[in-house]
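The values are calculated or read from the model by the stated rules, or taken from the named source; none is laboratory data. A quick note: this is a predicted structure, and the numbers were derived from the prediction, not measured. Neighbour counts run over all protein chains shown; Cβ positions are idealised from the backbone, glycine included. Calculation scope for accessible area: heavy atoms of the full protein, side chains included, ligands and nucleic acids excluded. Shrake-Rupley method; radii C 1.70, N 1.55, O 1.52, S 1.80 Å.
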Amino acid sequence: MANKKKVIVTGFEPFGEHAVNSSWVAVQELERLGLGEEVDLHVREVPVEYQAVQSLLPSLWKDPQPQLVVHVGVSGLATTVTLEQCGHNKGYKRLDNCSFCPASQCCMENGPDCIQSVLDMDAVCKRVNDSGLGVTLSVSKDAGRYLCDYTYYTSLYLGQGHSAFIHVPPLGKPYSSQDLGRALQAAIQEMLNLLELDPKHNKHCDHEHQHQHDH
């Protein structure tokens, strides 16, 4: 099919106490499962480094433009698969894997404090939880002011809100890699369904996107 939807999904490399990062394990499991015949799925492992994220993300959003970019990260506090609704611009004081943090402690010098995803994460969460998947999803509005939040904000900024962030618990707490892969598959398929249903979410007929190459 010539008109396949392009979807990019990223996970993070190990950091801190996470010698194995369940986000990348889950993304590799998703790659094995796929998102169906109509979706051209690309996966990337992202360094836990602010500067690497700044240089990598614009290349992900370049032509051909993805319909959706989903970032997956691990949270040691999470006990559910958590859909993040928004990304934050300020408050990045925690040092990355290179012992670096932005001098300004923010993502974009003149960007808004918070950018919302065009996707209604409550709707995605409810649909997946109602489907009897056996993995519980929840919604959060605070992605944690570290590389996860930083990556999400940057992606929302570059992609005019056509991005999503999913936090997963560490492996075995309580879910296996297979569980997490199935949860990512179900959530991302619902996100794509929502984009289909609501024309204002569809990039191709939204004239606001014409200026985005100026950034």
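In segment 177-198, the residue that is nearest to the chain's Cα centre (by Cα) out of those that are farther than 17 Å from Glu37 by Cα and open to solvent by 20 Å² or more (accessible area, probe 1.4 Å) is Leu194. Quick check on my filter: what residues within segment 80-119 are open to solvent by 50 Å² or more (accessible area, probe 1.4 Å) and in contact (Cβ under 8 Å) with a residue 60 or more places away in the chain? The one that is open to solvent by 50 Å² or more (accessible area, probe 1.4 Å) and in contact (Cβ under 8 Å) with a residue 60 or more places away in the chain: Asn97. The residues of segment 6-25 that are among the aromatic types (Phe, Trp, Tyr), open to solvent by 10 Å² or more (accessible area, probe 1.4 Å) and not in a helix (DSSP H, G or I) amount to a single one, Phe15. Pairing residues of segment 120-139 that are among the acidic types (Asp, Glu) with residues that are in a helix (DSSP H, G or I) and modelled with pLDDT of 95 or more, at Cβ distances under 8 Å and at least 6 apart in sequence or on separate chains, gives Asp120/Leu194.
Exactly one residue among Ser177, Ser163 is more than 27 Å from Pro58 (Cα to Cα) and in contact (Cβ under 8 Å) with a residue 24 or more places away in the chain, and that residue is Ser177. Quick check: is even one residue across segment 130-147 at pLDDT 95 or above, in a helix (DSSP H, G or I) and more than 22 Å from Ala186 (Cα to Cα)? Taking every residue of segment 130-147 in turn, at least one turns out to be at pLDDT 95 or above, in a helix (DSSP H, G or I) and more than 22 Å from Ala186 (Cα to Cα). The lone criterion from (1) assigned to a loop (DSSP other than H, G, I, E, B); (2) modelled with pLDDT of 95 or more; (3) more than 21 Å from Thr154 (Cα to Cα) left unmet by Gln28 is number (1).
The condition of being within 17 Å of Val139 (Cα to Cα), in contact with a Phe, Trp or Tyr (Cβ under 9 Å, 6 or more places away or on another chain), modelled with pLDDT of 95 or more and crowded, with 23+ Cβ neighbours inside 10 Å holds for Ala164.
Considering segment 27-52, the residues that are of a type in the set (Val, Ile, Thr) and over 11 Å from Thr10 (Cα atoms) include one that is surrounded by the most Cβ atoms within 10 Å (Cβ to Cβ), namely Val48. Annotation for segment 136-152: at least one member residue is of a type in the set (Asp, Glu) and buried (at least 21 other Cβ atoms within 10 Å of the Cβ).
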